[in-house]
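Engineer: Next up is a structure, given as structure tokens.
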Amino acid sequence: MPRQASELSSGIAKQLKTAEKLCSQRGRRLTPIRRKVLEILLRRQRSVKAYELLEEIREFQPGAAPPTVYRALDFLIEEGLIHRLDAVNAWAACMDAAGEPHDILVICTQCGAVAEFSDPELHKKLARKVASAGFVLEHHETELRALCNRCHQQRHSSQQHETPLA
């Protein structure tokens, strides 16, 4: 196995072990189907739609139906192991489930890459701004739609190569 793939597998194994430990500490169970959904999200390292997950789960469990995947996703969200990305109607693994909470998620609208980070000051400022408009910030994660550098460069280079019609 190439070194990069080996390191990826090692990292995923470590993250799965952390997930199992967190669930166990909370008196919850990371069932084989939940574990497989989390593994797929960790391997993909990007946002994934429910039906993409279902296709992969069916390789592991041929009779799997949509509710099977959605129940696993709900559990993984509750445990803080994945993120629900409303901006793109998809899910992504939390790459640091045992670490600090993430209050900002940046999602590439082209390839589905996700970046997680926390900025408590920005979050407080946003909460104050929302309050000044007569609302209460209810969800602790803010999603930003963007293009990752690779997709931005691809889009920029393809626009430069387009020739106007005469």
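The values are calculated or read from the model by the stated rules, or taken from the named source; none is laboratory data. From a predicted model like this one, the values you see are computed outputs, not experimental measurements. In this analysis, Cβ positions are derived from the backbone assuming ideal geometry, glycine residues included, and neighbour counts consider all displayed protein chains. These accessible areas exclude ligands, DNA and RNA; they are computed on the full protein's heavy atoms, side chains included. Shrake-Rupley method; radii C 1.70, N 1.55, O 1.52, S 1.80 Å.
Engineer: I'd like to know if segment 77-93 contains one or more residues that are part of a helix (DSSP H, G or I), aliphatic (A, V, I, L, M) and open to solvent by less than 30 Å² (accessible area, probe 1.4 Å). Explain how you work it out, then say what you get.
Structural biologist: Here is the first cut: in segment 77-93, the ones part of a helix (DSSP H, G or I) are 77-78.
The next check asks that each one be aliphatic (A, V, I, L, M); those that pass are 77.
In the following step, the residues that additionally are open to solvent by less than 30 Å² (accessible area, probe 1.4 Å) were identified as none.
Checking segment 77-93: not a single residue is part of a helix (DSSP H, G or I), aliphatic (A, V, I, L, M) and open to solvent by less than 30 Å² (accessible area, probe 1.4 Å).
Engineer: Are there any pairs with C-beta distances below 6 angstrom linking a residue in segment 114-133 that is exposed (fewer than 13 other Cβ atoms within 10 Å of the Cβ) to a residue that is not in a loop (DSSP other than H, G, I, E, B), with the two at least 6 apart or on different chains, and if so which?
Structural biologist: Here the result reads F117/I104, each pair linking segment 114-133 to a residue that is not in a loop (DSSP other than H, G, I, E, B).
Engineer: Inside segment 11-41, can you point out the residues that are surrounded by fewer than 17 Cβ atoms within 10 Å (Cβ to Cβ) and part of a loop (DSSP other than H, G, I, E, B)?
Structural biologist: Of everything in segment 11-41, those that are surrounded by fewer than 17 Cβ atoms within 10 Å (Cβ to Cβ) and part of a loop (DSSP other than H, G, I, E, B) turn out to be R26, G27, R28, R29, T31.
Engineer: Then there's this: Can you name every residue in segment 42-59 that is part of a helix (DSSP H, G or I) and not β-branched (V, I, T)? Lay out the reasoning, then the answer.
Structural biologist: Step one: list which residues in segment 42-59 are part of a helix (DSSP H, G or I), which gives 42-44, 50-59.
Those that are part of a helix (DSSP H, G or I) and not β-branched (V, I, T): L42, R43, R44, A50, Y51, E52, L53, L54, E55, E56, R58, E59.
Engineer: Pull up segment 76-102, narrow it to residues that are touching a helix residue (DSSP H, G or I) at 6+ places or on another chain (Cβ under 7 Å) and at pLDDT below 90, then point me to the one that is farthest from R35 (Cα to Cα). Explain how you work it out, then say what you get.
Structural biologist: The initial filter retains those residues of segment 76-102 that are touching a helix residue (DSSP H, G or I) at 6+ places or on another chain (Cβ under 7 Å), namely 76, 79, 81-82, 84, 91-93, 97-98.
The next check asks that each one be at pLDDT below 90; those that pass are 97-98.
Numbers: A97: 14, A98: 16 Å.
Per the stated criteria, the residue is A98.
Engineer: Could you tell me whether segment 60-70 includes any residue that is in a loop (DSSP other than H, G, I, E, B), surrounded by fewer than 17 Cβ atoms within 10 Å (Cβ to Cβ) and within 15 Å of the chain's Cα centre (by Cα)? Lay out the reasoning, then the answer.
Structural biologist: Just the residues of segment 60-70 that are in a loop (DSSP other than H, G, I, E, B), to begin with: 61-65.
Next, only the ones that are surrounded by fewer than 17 Cβ atoms within 10 Å (Cβ to Cβ) stay: 61-63, 65.
If we keep only those that are within 15 Å of the chain's Cα centre (by Cα) too, we end up with none.
Scanning segment 60-70, I find no residue that is in a loop (DSSP other than H, G, I, E, B), surrounded by fewer than 17 Cβ atoms within 10 Å (Cβ to Cβ) and within 15 Å of the chain's Cα centre (by Cα), so the answer is no.
Engineer: Only residues that are over 30 Å from C23 (Cα atoms) and open to solvent by 60 Å² or more (accessible area, probe 1.4 Å): list them for segment 134-152, please.
Structural biologist: If we filter segment 134-152 for residues that are over 30 Å from C23 (Cα atoms), which is where we start, we get 134-136, 145-152.
Within segment 134-152, G134, F135, V136, R145, N149, R150, H152 qualify.
Engineer: If you don't mind, another one. With respect to E100, determine if the residue is in a helix (DSSP H, G or I) and within 30 Å of K17 (Cα to Cα).
Structural biologist: On the way: in a helix (DSSP H, G or I): no; within 30 Å of K17 (Cα to Cα): yes.
The answer is no for E100.
Engineer: So, of the residues in segment 108-147 that are of a type in the set (V, I, T) and assigned to a loop (DSSP other than H, G, I, E, B), which turns out to be farthest from the chain's Cα centre (by Cα)?
Structural biologist: At the first step, the residues of segment 108-147 found to be of a type in the set (V, I, T) are 109, 114, 130, 136, 142.
Applying the additional criterion that residues be assigned to a loop (DSSP other than H, G, I, E, B) yields 109, 136.
Working: T109: 13, V136: 25 Å.
Residue satisfying both the conditions and the ranking: V136.
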